[in-house]
Amino acid sequence: IISAHTISKCHGLREIATQGQVYQVHADSWSSSYEELMKMRTRGVSQASTFNGFCEKHDAELFSAVENHPFTGTAEQVFLLMYRTICKELFLKRTQMRQSEQLRFIEAAKVGASPDEMSPTALGNLYEAGVELGVDDLLKDKAKMDQWLLSKAFGHIEACIIRCGTKPDLVCSGYY
């Protein structure tokens, strides 16, 4: 398993980097203000927009069209960018689920109880339900995209590509 990029390192991140660094939002969920919550920090191009989602062989094979060729907005390239983004979001949501379970263990240990004896708060229940719904939605969308990928049916994703006269200072990939 390697650190896979959601945004192409070769045809995205390197193009906006300054001395090998890019700015990336660093969300801190424990912050007390919006300014602290959404701080920007610099990251090396090799570490920015990564997640541990694919092995090196399959990452290289699957995403060759976006990693080894300039972005021209083909249906395959658009599909692959979306596919990689959904895989990252699913990875992050599953991480949230594990962290939620770990928080119960920590809270239980603080009071000398077993996690099963702890009653989650209403907010905790709501948070966990939201994360589970997010995982369910992502699994459904990923299953559809898995089928399209296998059949090379790349035309199911609609995109709006905005062409700029010069290289933009920002690149992103998201799923909502």
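The values are calculated or read from the model by the stated rules, or taken from the named source; none is laboratory data. A quick note: this is a predicted structure, and the numbers were derived from the prediction, not measured. In this analysis, Cβ positions are derived from the backbone assuming ideal geometry, glycine residues included, and neighbour counts consider all displayed protein chains. Note: accessible area is taken over every heavy atom of the protein model, side chains too, but ligands, DNA and RNA are not part of it. Shrake-Rupley method; radii C 1.70, N 1.55, O 1.52, S 1.80 Å.
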For the chain: accessible area per residue (Å², 1.4 Å): 68
Portion, in percent, of the accessible area of the chain that falls on carbon or sulfur, probe 1.4 Å: 55
Cα-derived Rg to Rh of the stretch 31-176, Kirkwood definition: 1.05
Paramagnetic label zone (point 7 Å from Cα along Cα-to-C-beta, Thr18; backbone N under 16 Å) in the stretch 26-59: 40-45
Full-stretch length increase - Lys167, Asn125 - with 0.36 nm per residue and alpha-carbon distance subtracted: 10.6 nm
Reciprocal of mean inverse Cα separation for the stretch 1-84 (Kirkwood radius, Å): 14.1
Distance violations [Cα-Cα > 22 Å] among Lys93/Lys167; Lys39/Lys140; Lys88/Lys142; Lys9/Lys57: Lys93/Lys167; Lys39/Lys140
3J(HN,Hα) from dihedral phi, the stretch 137-150, Karplus parametrisation 6.51/-1.76/1.60, rounded to Hz, x for glycine, proline: 4, 5, 4, 5, 5, 5, 4, 4, 5, 4, 5, 5, 5, 4
The stretch 82-166: relative contact order as a whole-number percent, Cα under 8 Å and 6+ apart: 36
Separation between Cα centres of the stretch 9-57 and the stretch 77-105, rounded to whole Å: 16
The chain: relative contact order as a whole-number percent, Cα under 8 Å and 6+ apart: 27
